[in-house]
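These notes are about the structure you will find just below.
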Ligand code: ADP
Ligand code: MG
């Protein structure tokens, strides 16, 4: 044929295919969920693009997906009349994985031989999951607005290469033809397919159709067919086909919420919690926001796409609308459906619309109160969240001034109370345990937990039985700089400034220090001369119990920790 080209998959795709086939064999049926999910996305995209291209619907505006099984050929076909793909889009979407950090992640996964579906699931296996059950996959697709002969055929056996060639395709959209492996023929059984669709695809708004089966005379049907009679199959919708967030909360099963999460997040794991709210009145919107259980492999990439899926009056507008959530809540996934934004809204318009600001405040409030609720009533789950995402949430101390107090309340620390590195002490708990004369919350930041725990700065606090919070995340020094008080209590780094134990300091302690300073003035002078410019001052202090000396930062001065960080960064 003319213009038939063979291409190699990007290395990452090969690795993914390999890992996937070996780690997801126990949950093969998910391929159907993934392909239906893509078809639903394609329908969403068409509806959106058609807002500005009225020729896109052609004469086929009933968006749907059709699933047909051909037992003779051993093929399962998933056909949609969504947006379709151009040749370039096919090359990019079905030949590469464009997500930074992917190469490293997959490399690490295959090295460790970890065929762990949780890890691979951080990824969203998507289209390539077709190769779990098929030894050959054909994609026939035509993009909306393009000519019938501009369609594309893509074929691959999932073993390193694919071929691509032009195709004449009457209908708009994408057909995915799976040539099922010999041992996967169960996926041609209508009952099996229907049950999978029911399980995974009730929540999507796109109708999923299958051929009608007349259960009354199923056996006889074949025999009655005449040789050359053309049977036009009748189709029926087999899913609920109502966008989940538009349904009433009480009509939605837990499992439906969970499946919907997987659909929108491309996360293979279940969500931790969610919050579904319909708001009417001055502003009208529906939000369905989820917190994941597990952090994605590229959580630390602050540039990676984040945010909610935005709909306006049930029309899909965009993925990753980041304007509705601050960076420190980048783990949140979900849907926001607004009745107040215009349908032709763009990222630029969103940027400075006051409606956006109101919605954003509302979303942040929802997420924070979802977390507060979780922390109160499901401590273990909350601990799990904190362990995965705590360091990200802390960024909020600096980023979100107006919610600082709330974020502080959600923080969990290691402390001298239990002396382990488990971060499970809240500020409220600390305050409850404070000595009656104590008026400050004490904390210490160090490079790692061992250094924090063994710091000589803790000696006096230990001796007096005062709890100190121990911090050792990379971001702590910076984040804690923004947290100067909690409720009516000030926070104090024990490595900073004059020893200040507030009401806990006795007159005798003070006098002892003064006396020692007088008696040792010669020694102090000698040390100052010896250390020269390296220090600002040398003082006798009551902060040590066993160690002879320690380094203290002046109040407001740069901490040792910060100095080390800057040095490490080459400053
Ligand atoms: P994801 O859905 O997470 O983007 P997938 O691997 O499932 O990843 O799909 C890759 C891309 O291929 C999609 O983002 C989309 O652009 C394209 N694609 C897949 N299936 C279809 C389809 N049925 N119609 C149009 N585009 C599709
Ligand atoms: Mg997908």
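Can you tell which of 127, 187, 131 is more than 16 Å from ligand 2 (Cβ to nearest atom) and outside any loop (DSSP other than H, G, I, E, B)?
187
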What pairs come out if I take residues in the range 258-272 that are more than 19 Å from residue 318 (Cβ to Cβ) and free of Cβ contacts under 8 Å to residues at least 60 places away in the same chain and pair them with residues that are outside any helix (DSSP H, G or I) and more than 11 Å from ligand 2 (Cβ to nearest atom) whose C-beta lies under 7 Å away, six or more apart or interchain?
258/270; 258/271; 270/293
Is it true that residue 269 is over 15 Å from residue 331 (Cβ atoms) and touching a strand residue (DSSP E or B) at 6+ places or on another chain (Cβ under 8 Å)?
no
Among the numbered conditions (1) more than 29 Å from residue 305 (Cα to Cα); (2) touching a residue at least 12 places away in the same chain (Cβ under 8 Å), tell me where residue 175 comes up short.
(1)
Of the residues in the range 509-545, those that are surrounded by 11 or more Cβ atoms within 10 Å (Cβ to Cβ) and assigned to a loop (DSSP other than H, G, I, E, B) come to 520, 535, 536, 538, 539, 540, 541, 542, 543, 544, 545
Taking the stated definitions as given, is residue 182 surrounded by fewer than 14 Cβ atoms within 10 Å (Cβ to Cβ), at pLDDT 95 or above and either more than 16 Å from ligand 2 (Cβ to nearest atom) or closer than 21 Å to residue 68 by Cβ (or both)?
yes
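Name the one entry in 447, 400, 439 that is in contact (Cβ under 8 Å) with a residue 60 or more places away in the chain and more than 23 Å from residue 485 (Cβ to Cβ).
447
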Residues that are within 16 Å of ligand 2 (Cβ to nearest atom) and modelled with pLDDT of 95 or more: find the helices (runs of 4 or more DSSP H) completely inside the range 26-114 holding 2 or more of those.
30-50, 87-93
Taking helices (runs of 4 or more DSSP H) that do not extend beyond the range 289-394, which have at least 1 residues that are surrounded by fewer than 16 Cβ atoms within 10 Å (Cβ to Cβ) and under 20 Å from the mean Cα position of the chain (by Cα)?
354-377, 379-393
Counted residues, the range 407-421 - those being more than 23 Å from the chain's Cα centre (by Cα) and either farther than 22 Å from residue 463 by Cβ or part of a loop (DSSP other than H, G, I, E, B) (or both):
6
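The values are calculated or read from the model by the stated rules, or taken from the named source; none is laboratory data. Since this is a predicted model, take the numbers as computed values, not measurements. Note: ideal-geometry Cβ built from the backbone for every residue, glycine included; neighbour counts use all protein chains shown.
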